[in-house]
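Read through the structure below, which is laid out as structure tokens, and then see the notes.
The values are calculated or read from the model by the stated rules, or taken from the named source; none is laboratory data. Owing to the predicted nature of the structure, the values given are computational and were not obtained by experimental measurement. Because the Cβ atoms are built from the backbone with ideal geometry, glycine has one as well, and the counts that use them run over all protein chains shown. For the accessible areas, the whole protein counts, side chains as well, though only heavy atoms, and no ligand, DNA or RNA atoms are used. Shrake-Rupley method; radii C 1.70, N 1.55, O 1.52, S 1.80 Å.
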Amino acid sequence: MFHRPLSGLILATALAGPLGLSGARAQPDAPPVLAPQMPASVERLPTKLARLASQLGRDGDVRIVAFGSSSTEGAGASSPAMAYPALLERDLEERLQIGASSRRSITVINRGKGGDTAEAMARRLERDVLAERPDLVVWQTGSNDPLAGVPLERFVELTRAGILAIRATGADVVLMDQQWCSKLSGMEGAERYGEALHALATELRVPVIRRRALMQSWVSHGLMTPAQMIGPDGLHMTDAGYRQLAKAAAAQILVGAGLIQPSIARN
């Protein structure tokens, strides 16, 4: 008898099932407090990244899939090399001191596709993410859904199913929330998707790279201006913004793997 993979069953159920949340809805996270001694990039992680930590402790290739929409694909960057996944790979190699002669390697695979909503990402999760057999998936989501009118309940349902499908393969998951930009800030109800993402992360104990809070902290601490982070379209990040995001993501990933302490991590 043919048995469908668990990840496929989870996604099929979510794609075909009714809209709506199961059980009580978790309360959204309170806005993070940004203190100078604890950069937003390395806020406490709800859980350790056990698979990643194990793979980093041995020789061989560590595979990370950056999954998401245009912010992952690199819209607004001057070249693919300046998209955050490519910069993340280089930053992790530098922090882990992985060179040409090393017996370890880090590969960050860019699986971002501009305009994708939770619906579109669910349809390609198996092919573009799970088939790569990643040790870690960094999933950027929640920006296009309010712009495209995807119901909030459907966004949560599909995101939950995707997290469970990724975990069913043994891979770790880190979420990345919305960017701080004029296009989303000026849209009524857009923030509810970010709040729902954090509530789901709390429910399932998934770490979150708080991109919105990070960007606000960079401005408040004089690191860069909004115009330096976000391009003329009011939505997509610039080279400078992606570079800072990659540094912050690398720090949080290594904290999650137990390789650096939050108190000494830096953007």
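When the residues of the stretch 163-181 are filtered to those that are touching a residue at least 60 places away in the same chain (Cβ under 8 Å) and surrounded by fewer than 20 Cβ atoms within 10 Å (Cβ to Cβ), the one that is nearest to Gly142 (Cα to Cα) is Leu164.
For Gly149, the requirement of being closer than 25 Å to Gln216 by Cα, at pLDDT below 95 and among the small types (Gly, Ala, Ser) is not met. Mind checking which residues of the stretch 210-267 are open to solvent by 50 Å² or more (accessible area, probe 1.4 Å), more than 17 Å from the chain's Cα centre (by Cα) and farther than 30 Å from Gly57 by Cα? Matches in the stretch 210-267: Gln216, Ser220, His221, Gly222, Leu223, Thr225, Pro226, Ala227, Gln228, Pro232, Asp233. Do you know which of the residues in the stretch 63-76 that are touching a strand residue (DSSP E or B) at 6+ places or on another chain (Cβ under 6 Å) and surrounded by fewer than 22 Cβ atoms within 10 Å (Cβ to Cβ) is modelled with the highest pLDDT? It comes out as Arg63. Among the residues of the stretch 190-209, the ones that are buried (at least 19 other Cβ atoms within 10 Å of the Cβ), at pLDDT 95 or above and of a type in the set (Gly, Ala, Ser) come to 2 in all.
Is it the case that some residue within the stretch 201-209 is assigned to a loop (DSSP other than H, G, I, E, B), within 19 Å of Pro262 (Cα to Cα) and in contact with a Gly (Cβ under 6 Å, 6 or more places away or on another chain)? Looking for residues that are assigned to a loop (DSSP other than H, G, I, E, B), within 19 Å of Pro262 (Cα to Cα) and in contact with a Gly (Cβ under 6 Å, 6 or more places away or on another chain), one finds at least one in the stretch 201-209, hence yes. Beta carbons closer than 6 Å, at least 6 apart along the sequence or on distinct chains, pair a first residue in the stretch 140-151 that is closer than 17 Å to Ala66 by Cα and hydroxyl-bearing (Ser, Thr, Tyr) with a second that is surrounded by 15 or more Cβ atoms within 10 Å (Cβ to Cβ) and modelled with pLDDT under 95 for Ser143/Gln178.
Every residue in the stretch 126-152 that is more than 22 Å from Leu254 (Cβ to Cβ) and surrounded by fewer than 24 Cβ atoms within 10 Å (Cβ to Cβ), please. Result: Glu126, Arg127, Asp128, Leu130, Ala131, Pro146, Leu147, Ala148, Gly149, Val150, Pro151, Leu152. From the list Glu132, Glu157, the lone residue that is out of contact with any Asp or Glu (no Cβ under 8 Å at 6 or more places or on another chain) and under 16 Å from Tyr193 (Cα atoms) is Glu157.
Can you find a residue that is out of contact with any Leu (no Cβ under 7 Å at 6 or more places or on another chain) and in a strand (DSSP E or B) anywhere in the stretch 218-228? The answer is no, given that none of the residues of the stretch 218-228 is out of contact with any Leu (no Cβ under 7 Å at 6 or more places or on another chain) and in a strand (DSSP E or B). Once the stretch 77-100 is narrowed to residues that are in contact (Cβ under 8 Å) with a residue 24 or more places away in the chain, over 30 Å from Glu157 (Cβ atoms) and not in a helix (DSSP H, G or I), the residue that is most open to solvent (accessible area, probe 1.4 Å) is Ser78.
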